[in-house]
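K.L.:
The following block contains the structure, expressed as structure tokens.
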Amino acid sequence: MEEIDIKSLNLKELTGILEDIGEKPFRAKQIYQWIHEKGAASYDDMTNISKQLKEKLKEHYPLTVLRQEMVQISKIDGTRKYLFALSDGNVIESVLMRYKHGNSVCISSQVGCRMGCRFCASTLDGKVRNLRASEMLDQIYRIGADIGERISNVVVMGTGEPLDNYDNLLKFIELLTDENGLNISQRNLTISTCGIVPKMRELAERKLQITLALSLHASSQEKRLRLMPIANKYDISEVLEACRYYFEQTKRRVTFEYSLVNGVNDTAEDAKELTALVKGMNCHINLIPVNPIKERDYVQPSSERVRDFKNKLEKNGINVTIRREMGRDIDGACGQLRKRYIER
């Protein structure tokens, strides 16, 4: 019998598997709740499951559980950055951010990334592999177990391009928002993309209630080409058209992530071009002072320059915020902790 990743199965699929091995359907619901609602780290934790069934499950259906390799806790704001080891020896990172409105977890969707964005540490060593739905989910389950508190918001914005792992992402969304599991509202889930247009359109047609966050980072196609290799494949106009389509299909406001790099995309001209680019769209711009990484010479603009850029957008009626920096003292940016760990 081939091994099946039980944590990536929905309740119907799990019921089918258990019926195949001669078990009653109600057992599936018990096991499903242990895995997805209670975050059980082992079959032995499942107190209402017989010893015989536990042994059968252990033999044929290994339970995907990430091992916490390291956690860094910010002295500034309590942000926690986790490094998790996968069963194949790869490592991924996740971040817990505490807000007044609840606990938010930012997870990785791939081991490494092949998108090559110039200011991002995640992509420096390329993509190793996609994460399975179970490996995406378990980042949330392990963090929830570690802090002993409920996770209320999830952002798929860590290492990797989520839409480059589309099928596993859809399964992850299904399981995360299932009422029999953690039951996190789709509205509390944000998926980030650097702009894979066909997948953005496919996702739009599913009419989910998740927030789509586009990594825009430039006010023109020319500048986007300098910062993001994906712009060679999809022109900025195509990407924005896909964002408009997403809003049409879902009625969900799109977020634009805009990393401000000193002297590169933070000028008065950039603010003017950016305004023209998104004018009339139901959107929100999230300004992110770039997190410096040693492999690149990009630096943050001064806080005065960031505020000035924000004011220029606001004067033109654009909805905009400056992202509050979290975990700056603990390798806060995507990919930094993993890269340092691998190098060491």
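K.L.:
Of Val105, Val95, Val91, Val111, which residue is over 19 Å from Ile191 (Cα atoms) and among the hydrophobic types (A, V, I, L, M, F, W, C)?
P.N.:
Working: Val105 fails: over 19 Å from Ile191 (Cα atoms); Val95 fails: over 19 Å from Ile191 (Cα atoms); Val111 fails: over 19 Å from Ile191 (Cα atoms).
The unique qualifying residue is Val91.
K.L.:
On to the next question. Has segment 59-75 got any residue that is outside any loop (DSSP other than H, G, I, E, B), hydrophobic (A, V, I, L, M, F, W, C) and crowded, with 18+ Cβ neighbours inside 10 Å?
P.N.:
Narrowing segment 59-75 to residues outside any loop (DSSP other than H, G, I, E, B): 59-60, 67-73.
Checking which are hydrophobic (A, V, I, L, M, F, W, C) leaves us with 70-71, 73.
From what's left, crowded, with 18+ Cβ neighbours inside 10 Å: none.
There is no residue in segment 59-75 that is outside any loop (DSSP other than H, G, I, E, B), hydrophobic (A, V, I, L, M, F, W, C) and crowded, with 18+ Cβ neighbours inside 10 Å.
K.L.:
Still on this model: When you scan segment 250-257, do you find a residue that is surrounded by 14 or more Cβ atoms within 10 Å (Cβ to Cβ) and more than 19 Å from the chain's Cα centre (by Cα), even just one?
P.N.:
To start, the set of residues in segment 250-257 that are surrounded by 14 or more Cβ atoms within 10 Å (Cβ to Cβ) comprises 250, 252-257.
So of that shortlist, the ones also more than 19 Å from the chain's Cα centre (by Cα) come out as 250.
Taking every residue of segment 250-257 in turn, at least one turns out to be surrounded by 14 or more Cβ atoms within 10 Å (Cβ to Cβ) and more than 19 Å from the chain's Cα centre (by Cα).
K.L.:
Step by step: first the residues of segment 55-93, then only those that are of a type in the set (Phe, Trp, Tyr) and under 20 Å from the mean Cα position of the chain (by Cα), then the one that is farthest from Asn130 (Cα to Cα). Which residue is that?
P.N.:
Step one: filter segment 55-93 for residues of a type in the set (Phe, Trp, Tyr), giving 61, 82, 84.
Now restrict to residues that are under 20 Å from the mean Cα position of the chain (by Cα): 82, 84.
Numbers: Tyr82: 19, Phe84: 15 Å.
Only one residue tops the list, namely Tyr82.
K.L.:
So, one more: Within segment 9-29, is there a residue that is surrounded by fewer than 20 Cβ atoms within 10 Å (Cβ to Cβ), of a type in the set (S, T, N, Q), assigned to a helix (DSSP H, G or I) and touching a residue at least 12 places away in the same chain (Cβ under 8 Å)?
P.N.:
Checking segment 9-29: not a single residue is surrounded by fewer than 20 Cβ atoms within 10 Å (Cβ to Cβ), of a type in the set (S, T, N, Q), assigned to a helix (DSSP H, G or I) and touching a residue at least 12 places away in the same chain (Cβ under 8 Å).
K.L.:
Can Ser104 be described as within 21 Å of Leu212 (Cα to Cα), hydroxyl-bearing (Ser, Thr, Tyr) and in contact with a strand residue (DSSP E or B) (Cβ under 8 Å, 6 or more places away or on another chain)? Let's see the steps before the verdict.
P.N.:
Numbers: within 21 Å of Leu212 (Cα to Cα): yes; hydroxyl-bearing (Ser, Thr, Tyr): yes; in contact with a strand residue (DSSP E or B) (Cβ under 8 Å, 6 or more places away or on another chain): yes.
Against the criterion (within 21 Å of Leu212 (Cα to Cα), hydroxyl-bearing (Ser, Thr, Tyr) and in contact with a strand residue (DSSP E or B) (Cβ under 8 Å, 6 or more places away or on another chain)), Ser104 qualifies.
K.L.:
Just wondering, is there one or more residues in segment 115-123 that are over 30 Å from Asn265 (Cβ atoms) and crowded, with 17+ Cβ neighbours inside 10 Å?
P.N.:
Filtering segment 115-123 for residues over 30 Å from Asn265 (Cβ atoms) gives none.
So far as segment 115-123 goes, no, none of its residues is over 30 Å from Asn265 (Cβ atoms) and crowded, with 17+ Cβ neighbours inside 10 Å.
K.L.:
Now, a different point. Which of the residues that make up segment 164-188 are outside any loop (DSSP other than H, G, I, E, B) and of a type in the set (Val, Ile, Thr)? So that I can check it myself, show each step before the final result.
P.N.:
Just the residues of segment 164-188 that are outside any loop (DSSP other than H, G, I, E, B), to begin with: 164-176, 186-188.
Scanning segment 164-188 gives a single hit, Ile173.
Yes or no, residue by residue, for (1) charged (D, E, K, R); (2) farther than 14 Å from Asn319 by Cβ; (3) in a loop (DSSP other than H, G, I, E, B); (4) modelled with pLDDT under 95:
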position	(1), (2), (3), (4)
Glu241	yes, yes, no, no
Tyr245	no, yes, no, no
Gln249	no, yes, no, no
Thr255	no, no, no, no
Asn265	no, yes, yes, yes
Glu273	yes, yes, no, no
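The values are calculated or read from the model by the stated rules, or taken from the named source; none is laboratory data. The structure presented is a predicted model; accordingly, all values stated were derived computationally and were not measured. Using ideal geometry, Cβ is built from the backbone for each residue, glycine included, and neighbour counts are taken over all protein chains shown.
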